[in-house]
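Before I ask anything, here is the structure I am working with.
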Amino acid sequence: MEYVKLNNGIEMPILGYGVYQVTAEECEQCVTDAIGAGYRSIDTAQAYGNEEGVGNAMIKSGIAREEFFITTKVWISNAGYEKAKTSIEESLEKLQSSYIDLLLIHQPFGDYYGSYRAMEEAYREGKVRAIGVSNFYPDRFIDIAENVEIKPAVNQVETHVFNQQVKPQEIMKKHGTQLMSWGPFAEGKNDFFNNETLQTIGDKYGKSVAQVALRYLIQRNIVVIPKTVSKDRMVQNMEVFDFSLTHADMDEILKLDQGESLFFSHYDPATVEFLVGLGKK
Ligand code: NAP
């Protein structure tokens, strides 16, 4: 495994396992399988409803807690100092751990400055090893990075070959913030797994489209957390450290960048209304 060093000096695996859309029922087994395949970094969230499954799998593995790197996120309905503070305690309980490795604000809506203050407090109390944000595009990212005491260690945003976040990554770097990708396969959108450019490059190395896509992000120093419920694909997605893409390969893949989301825009009023509405539920 390779690691990135976050802005407070702690190390985070560059590749982990994401559990979005893994049901509460299947999560414990999936994370157990992922641990068996060698994953130690797990990305969950309060909103996924499966933090307990992650905690159960971690405990039952018998592997020391320090071997793991657990990320979770404060959901919009828990925005604000008091609610976020309570929700951090709930996450710790569900994860069955005295600390969280990385805690993120899930979405930049509601009183997220209040949430961030609760997270800074948890960090100082040793309940969290690093704090950061998710889905903070340059406008909101710069604002929060400039106005908090503890700079975000990580910003987790949609990042894959069709939406590469080149400029936002430069802006994050200026603030010492690590880019972490969500949706490294764009959840299969845009016929991802049949992409000709990725397939042609993969054929040269005996690697799959998925492996080339992950390798590309890793070579750009982006943390990846692919999700799969299949044991074989868990193994496949881990086997990305035994080959390297050339500059020419990297340049070809850069051309796939469309510079916009394949999911939704945080600048679209309808999306904002939808997400803000979720916070009121
Ligand atoms: P993703 O990892 O881009 O794609 C997952 C899809 O790819 C699944 O349908 C999976 O199918 C398939 N797949 C995985 N490996 C494959 C392989 N080697 N070959 C072919 N198909 C493969 O999507 P994601 O789950 O949205 O993103 C990853 C993680 O990012 C999430 O789990 C979550 O932890 C995080 N995330 C965060 C946010 C946020 O707002 N912060 C949003 C979305 C996601 P099978 O499961 O059937 O194999």
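Every number in this text was worked out from the coordinates using simple rules, so none of it is lab data. All values derive from a computational prediction rather than experimental measurement. Here the Cβ is made from the backbone with ideal geometry for all residues, glycine too, and neighbour counts use every protein chain on show.
Would you mind calculating the relative contact order of region 1-111 from Cα pairs under 8 angstrom and at least 6 residues apart, reporting the percent as a whole number? Could you put the intermediate results ahead of the total?
Values: 179 pairs, mean separation 25.9, N = 111.
It comes to 23 percent, rounded to a whole number.
Hey, another quick one. According to the Cα gyration tensor, what semi-axes, each the square root of 5 times an eigenvalue, does the equivalent ellipsoid of region 198-256 have, listed from largest to smallest in whole Å?
Three semi-axes, in Å: 19, 13, 10.
So, one more: Going Cα to Cα from LYS174, which lysines come in below 20 Å? Please leave out same-chain ones fewer than 8 positions away.
LYS5, LYS151
If you put +1 on each Lys and Arg Cβ and -1 on each Asp and Glu Cβ, how big is the dipole of region 3-278 around its Cα centre, in Debye rounded to 20?
Dipole magnitude for region 3-278 comes out near 500 debye.
Normalised radius of gyration for region 164-281, please: alpha carbon Rg relative to 2.2 N^0.38 Å, two decimal places. Working shown, then result.
Numbers: Rg = 16.0 Å, N = 118, 2.2 N^0.38 = 13.5 Å.
It is 1.19.
Here's a follow-up. What distance in nm separates the two pseudo spin-label positions at LYS204 and ASP191, each 7 Å out from Cα along the beta-carbon direction?
The answer from the label model is 2.3 nm.
Using 0.36 nm per residue, how much length does the chain from ARG233 to GLU89 gain when fully extended, once their Cα-Cα distance is taken away?
Roughly 48.5 nm would be gained on extension.
What share of all Cα pairs of region 3-278, in percent, falls into each consecutive 10 Å distance bin?
All Cα pairs considered, the percentages come to 7, 30, 37, 22, 4, 0.
Using amide H atoms built in the peptide plane, which far-off residues or other-chain residues are under 5 Å from PHE69 H to H?
It is SER41, ILE42, by chain and number.
Above 23 angstrom, tally the Cα pairs of region 95-181 and express them as a % of all pairs, no decimals.
Result: 20 percent of Cα pairs exceed 23 Å.
DSSP beta bridges in the chain, what fraction antiparallel, as a percent rounded to 5?
Counting DSSP beta bridges with both partners in the chain, the antiparallel share is about 15 percent.
Whole-Hz ³J(HN,Hα) for each residue in region 204-212, computed from phi via Karplus 6.51 cos²θ - 1.76 cosθ + 1.60 with θ = phi - 60°, x for glycine and proline: what do you get?
Using θ = phi - 60°, the values come out as 5, 10, x, 10, 7, 4, 4, 5, 5 Hz.
Right, here's the next one. If the chain between ASN8 and PHE263 were fully stretched, how many nm would it gain, using 0.36 nm times the residue separation less the Cα-Cα distance?
Working: separation 255, 0.36 × 255 = 91.80 nm, distance 3.18 nm.
Gain on stretching ASN8 to PHE263: 88.6 nm.
Using +1 at the Cβ of each Lys and Arg and -1 at the Cβ of each Asp and Glu in the chain, identify which of VAL224, THR86, GLY49 lies farthest towards the dipole's positive end.
THR86
Provide the per-residue ³J(HN,Hα) series for region 37-54, in order, calculated from phi with Karplus coefficients 6.51, -1.76, 1.60 and θ = phi - 60°, each as a whole number of Hz, with x at glycine and proline positions.
These are the phi-based 3J(HN,Hα) values: 7, x, 6, 10, 9, 10, 10, 10, 6, 4, 5, 6, x, 10, 4, 4, x, 5 Hz.
Counting only C-alpha contacts under 8 Å and six or more residues apart, can you give the relative contact order of the chain as a whole percent?
18
State, as an integer percentage, the relative contact order of region 83-218 based on alpha-carbon contacts under 8 Å between residues 6 or more apart.
17
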